[in-house]
1. What does the charge count near residue 56 come to, summing +1 for each Lys or Arg and -1 for each Asp or Glu among other residues with Cβ under 15 Å from its Cβ?
2. About its Cα centre, what dipole magnitude does the chain give when the only charges are +1 on Lys and Arg Cβ and -1 on Asp and Glu Cβ, stated in debye to the nearest 20?
3. Net charge within 12 Å of residue 17 by Cβ-Cβ distance, Lys/Arg positive one each and Asp/Glu negative one each, not counting residue 17 itself?
4. Count charges around residue 201 for me, please; just the other residues with Cβ under 10 Å from its Cβ, Lys/Arg as +1, Asp/Glu as -1.
5. What distance in nm separates the two pseudo spin-label positions at residue 146 and residue 123, each 7 Å out from Cα along the beta-carbon direction?
6. Apply the a/c threshold of 1.5 to the C-alpha gyration tensor of the chain and tell me whether it is rounded, prolate or oblate.
7. Roughly speaking, what is the stretch gain from residue 196 to residue 108, that is 0.36 nm per residue apart minus the C-alpha to C-alpha distance, in nm to one decimal?
8. Between residue 167 and residue 38, what is the spin-label point distance in nm, taking each point 7 Å from the Cα along the Cα→C-beta axis?
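No lab work stands behind these numbers, since they all come straight from the coordinates. Predicted model, so just to flag it, every value in this text is computed and none were measured. Note: ideal-geometry Cβ built from the backbone for every residue, glycine included; neighbour counts use all protein chains shown.
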Amino acid sequence: GYTPYSAFSLKDARDYLNVNLPDLILLDLNLPDGDGFQLCKEINLNNSIPIIILTAKSDIVDKVLGLELGADDYITKPFHIKEVISRIRAIFRRIEKTTNSSNSNFTNINENIKINFKNRTVLKNNDIIQLKPKEYELLEFFVQNRNKVFSREQLIDNVWEFSYDGDLRTVDIHIRRLRSKLDTKGTPSIIETVFSVGYIMR
């Protein structure tokens, strides 16, 4: 089971996160003393804790902003608690799956970037790059399926692991975040766009 902690304001959440490192955060955007988007941004800057946004804000602009700021998933109210639990389990299942991998060595993605499937570590020029869980899972999928083109729908089906009813731009946002962390100026992108089709890692 899970042991929850409830914070009812930005201040409560910040105070808790200053001394604790939860396995996952369920974040409401409507907090009494500030905007949940700001907290999402702060969390993402400092660590790679998975974040699922739970909110009544169903506008696509809010969804895109939440994902851009580092959220791993976005669920709009009203929702069924079983759906929330299913998505939490999906995130933990993916983390456990790669953590228990038998491959303990680094695999070269290119001359600058390496990935370790066992401990979910990614290095760029031998420096550890902090990736959000879904960013890592997307990168891992491309590494294991190089030279194959995948549409956004195929990536949703293979990486998100559940019936996703959100906007397909979620894929674009996660790939953009990967590129910003891993690409090197003057060299081809780690994940290339295939116009009108999808994405590929060569």
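1. -1
2. Values: 28 positive and 27 negative charges, 129 e Å.
Dipole size: approximately 620 debye.
3. -1
4. Local net charge: +2.
5. It works out to 1.7 nm between the two label points.
6. Details: a/c = 1.70, a/b = 1.46, b/c = 1.16.
The shape class here is prolate.
7. Details: separation 88, 0.36 × 88 = 31.68 nm, distance 2.87 nm.
This chain segment gains 28.8 nm when fully extended.
8. The answer from the label model is 2.4 nm.
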